[in-house]
Amino acid sequence: MSFMFNPYPYDDPHASNIIDPEGLELDKITEGSEAAALSAAEEILHKVGETGRCVAAVDGYTAAPIDVFVNLLEQQLHVKNMENTSFAMEELWIDSEDAIKLLEKNLPEDRVKDPVLLYGKLFDGGYEDFFNQEKLAWMVKKIEDFGQTGKGVMIIWGYGALCDTIRPLCDWKLYLDATPMKTMLRLKRGKYHNIGCTGALGFKMMARRCYYVDFELAAELRFKLLRGRHLDGYMIANDSETMTLLSLKLMENIFDRGLEYPLRCKPVYLEGVWGGYYIQHLRGLPAEMRNCAWVFDMIPMEVSIVFELGKKRLEFPFYTLVQSKGDRLMGRRSVDRFGYYFPVRFNYDDTYHSNGNMSIQCHPGEKYVTENNNELGRQDESYYIVETGQGARTYLGFHNDADVEEFICQVRRSEKDGQPVDYQKYVYSVESKPGTQLMIPAGTIHASGRNQLILEIGSLTVGSYTYKMYDYVRRDLDGNPRPIHTYHGDKVLRRDMRADWVDEHLVNGGKRILRKGEDWEETVVGESDLLYFSLRNVRFVTRAEDDTQGDFHVLSLVDGEQVMIQSKTDPKKFFLQNYLDIVVIPSDFGPYEMINMKRGTTCIEHKTMLKPGEVC
């Protein structure tokens with residue numbers, strides 16, 4: 001999950017996936033927090049009936065309402081006159097000062113390199129590192145003794161309750177999950193404090209620590225629990241009052257059924273100082289939004305997936321689906337190369353009718369990210385121009401005669417004294433025209449100019465390492481100076497990305513026709529030796545055909561009104577895609593058609609896939 005500090009609290013009601021519920025045991029889903037607690041209590045009591053005792057463990061993703069659920073569970077056990085005791089994992093945490101010392105290398109405080117303390121290194125330990133070892137040994141002994149002579153129910157709850165040390169000692173195991181947006185909103189509303197902290201940090205410091213530590217701990221444990229099938233129950237806990245309980249097996253069955261269809265994720269919308277209004281008008285976003293700068297349509301670590309099964313509507317973190325069923329979703333080739341990370345991310349950048357450009361920025365390569373942030377992957381990007389207003393331009397690379405060292409000197413001076421820089425003297429730009437594909441390898445100076453809508457497609461990097469070199473001396477929507485990172489930007493900046501080379505290699509690079517049909521064709525609009533994904537357009541009047549052949553495809557309808565994406569082997573498996581919807585075609589979906597549902601129009605699907613052959 002990247003630094004999604006300010007998701008707008010809007011739940012898009014249109015982004016859902018209607019799947020066939022036939023054969024799924026949906027009657028075994030328990031909806032509502034109190035009803036879920038009652039159902040859990042009954043399962044636990046069944047365990048007690050077998051042995052006279054049950055050790056129940058309740059864990060969850062960061063900021064999931066574990067405490068609320070445990071309270072409800074204890075209430076139900078009391079109603080049934082069942083003796084129970086509970087122990088919170090928080091009681092085992094090391095002292096706050098010891099936690100700070102443990103994380104010194106992960107959360108450095110160097111305001112020369114990182115003026116607002118945004119970056120750090122992913123923590124590569126586990127929950128056990130945050131437990132006092134003597135207290136942990138005491139807890140283990142307590143559980144072991146209860147397992148031999150105890151009566152009734154012992155509840156172990158909190159973050160790390162299902163860690164490797166404690167999990168084997170538990171008889172019934174439940175995990176509470178929550179979507180990234182709901183998680184961040186709970187953080188902002190003061191409903192969480194960091195692992196190893198007895199009190200709350202400032203929000204941005206808390207979010208930084210969450211990204212590099214808390215989220216990483218939770219995601220790694222969730223992956224282990226899902227892949228090892230260690231859970232008796234899985235709880236959708238996006239809201240403390242409307243939690244939903246189902247078995248792990250049923251969750252897996254729902255995921256398997258969902259992967260028989262093309263899938264659209266539920267977007268997250270964010271305001272921003274340079275934000276525009278194209279998406280806001282198109283999708284009917286709330287008028288109270290000041291603008292819509294970013295649309296996280298398919299940023300895997302940020303979005304959720306909604307399944308509609310008859311009258312039931314279930315919302316899961318998209319990354320829970322990736323961790324559980326990544327082989328089927330992404331394909332063997334992707335998993336072998338990238339593990340259980342979806343290797344490409346998609347969002348819209350909207351500056352349409354806005355007041356300014358995005359920041360002048362660059363991104364790091366793999367070596368820099370690995371050494372400085374302990375993250376997997378490099379941060380390459382690409383821009384596909386979807387729509388423009390008057391005078392729209394995109395900034396990419398340096399002018400042939402630009403003095404890059406002078407530029408760096410100027411932006412560093414501006415960072416200190418707040419004086420404007422004539423950035424256009426140094427940074428090259430191209431006229432933005434709909435249908436233009438721009439590739440942005442790591443280290444390339446770039447920015448989306450005002451008055452356009454961009455489909456941004458980026459590489460794996462889990463986080464968002466945007467080193468702003470210059471931001472026009474402006475403040476954010478809260479009136480604070482925008483963070484500038486010239487130290488890191490200077491380290492990764494490609495001085496050799498000059499206008500002539502940019503025009504030849506990065507603007508519609510590698511463009512060629514691949515396939516043709518009666519009234520359709522597929523064209524490469526962007527490929528580079530520096531990027532591991534292929535960017536294509538499928539243009540058609542009535543319909544076009546394709547085949548995943550074991551690799552995922554991602555389709556964005558960048559021109560046209562509505563398209564049906566339909567399986568050729570089972571026409572009942574389809575998705576109705578509207579303009580600018582981004583849809584994932586699972587790797588084993590096989591042969592499919594894209595059918596234009598509005599006669600008299602031409603459709604263009606922007607298609608992204610891993611480059612054929614050896615992955616870079």
**Study point:** Cross-link reach list, aspartates and glutamates versus LYS325, counting only Cα pairs under 17 Å and skipping chain neighbours closer than eight places
**Key:** ASP177, GLU220, GLU252, ASP256, GLU260, GLU315, ASP336, ASP551, ASP588
**Study point:** Intensity falloff of the chain expressed as log10 I(q)/I(0), Debye formula with alpha-carbon point scatterers, at q = 0.06, 0.08, 0.11 Å⁻¹
**Key:** -0.34, -0.60, -1.09
Check your understanding: What ranking, highest mean first, results for peptides 431-440, 106-115, 188-197, 583-592 when packing means the other Cβ atoms within 10 Å averaged over each residue?
Key -> 583-592, 431-440, 188-197, 106-115
Exercise for review: Whole number please: convex hull volume per residue, Cα atoms of segment 448-489, in Å³.
Suggested key: 120
Review point. Short version: what are the Cα gyration tensor semi-axes of segment 455-551, square root of 5 times each eigenvalue, largest first, in whole Å?
Key: 37, 18, 14
Point to revise | Qualifying lysines (Cα of each under 20 Å from Cα of LYS188; at least 8 residues distant if same chain) | key: LYS204
Practice item. Find the eigenvalues of the gyration tensor of the Cα atoms of segment 380-424, then list the square roots of 5 times those eigenvalues as equivalent ellipsoid semi-axes, largest first, in whole angstrom. Key: 26, 14, 11
Revision key, fill the gap. When all Cα-Cα pair distances of segment 213-287 are considered, the percent exceeding 14 Å is 77
Practice item. Pop a pseudo-label 7 angstrom from the Cα along the beta-carbon direction at both LEU576 and GLU406 and give the gap in nm to one decimal. Key: 5.9
Exercise for review: Place the peptides 598-607, 350-359 in order of packing, highest mean first, counting for every residue the other Cβ atoms within 10 Å and averaging per peptide.
Suggested key: 350-359, 598-607
Study note, to complete from the structure: Share of Cα-Cα pairs in segment 266-396 beyond 26 Å, whole percent, is 38
**Study point:** Radius of gyration and maximum dimension Dmax of segment 173-325, Cα, Å
**Key:** 16.9, 47
Review point. What would the Debye formula give as log10 I(q)/I(0) at q = 0.16 Å⁻¹ for the alpha-carbon point model of segment 1-106, no solvent?
Key: -1.00
Review point. What does the charge add up to near VAL369, with Lys and Arg as +1, Asp and Glu as -1, over the other residues with Cβ less than 12 Å from its Cβ?
Key: 0
Review point. Share of Cα-Cα pairs in segment 1-56 beyond 18 Å, in percent?
Key: 66
Check your understanding: Which whole number of Å³ per residue matches the convex hull of the alpha-carbon atoms in segment 353-419?
Key -> 173
Review point. If you wrap a convex hull around the Cα atoms of segment 535-616, how much volume per residue is inside, in Å³?
Key: 80
**Study point:** Neighbour net charge for LEU530 - beta-carbon separation under 13 angstrom, K R +1, D E -1
**Key:** -3
Practice item. Under a cut-off of 26 Å between alpha-carbon atoms, report the lysines in cross-link reach of LYS511, not counting same-chain residues fewer than 8 places apart. Key: LYS433, LYS607, LYS611
Practice item. Return, for the Cα atoms of segment 136-232, the radius of gyration and Dmax in Å, separated by a comma. Key: 15.6, 47
Review point. To the nearest 0.05, how large is the calculated FRET efficiency for ALA287 and VAL473 if R₀ is 35 Å and r is the Cβ-Cβ distance?
Key: 0.70
Point to revise | Å² of accessible area per residue within segment 124-201, as computed with a 1.4 Å probe and no ligands counted | key: 42
Check your understanding: Taking only the alpha-carbon positions of segment 458-614 and ignoring solvent, what does the Debye formula give for the base-10 log of I(q)/I(0) at q = 0.09, 0.20 Å⁻¹?
Key -> -0.43, -1.23
Revision key, fill the gap. Whole-percent carbon and sulfur contribution to the accessible surface of the chain (1.4 Å, no ligands, DNA or RNA) stands at 47
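The values are calculated or read from the model by the stated rules, or taken from the named source; none is laboratory data. None of the values given here were measured: they were computed from a predicted structure. Please note: Cβ atoms are built from the backbone with ideal geometry, for glycine as well, and neighbour counts cover all protein chains shown. Quick note on the areas: whole protein, heavy atoms, side chains included, nothing else; ligands and nucleic acids left out. Shrake-Rupley method; radii C 1.70, N 1.55, O 1.52, S 1.80 Å.
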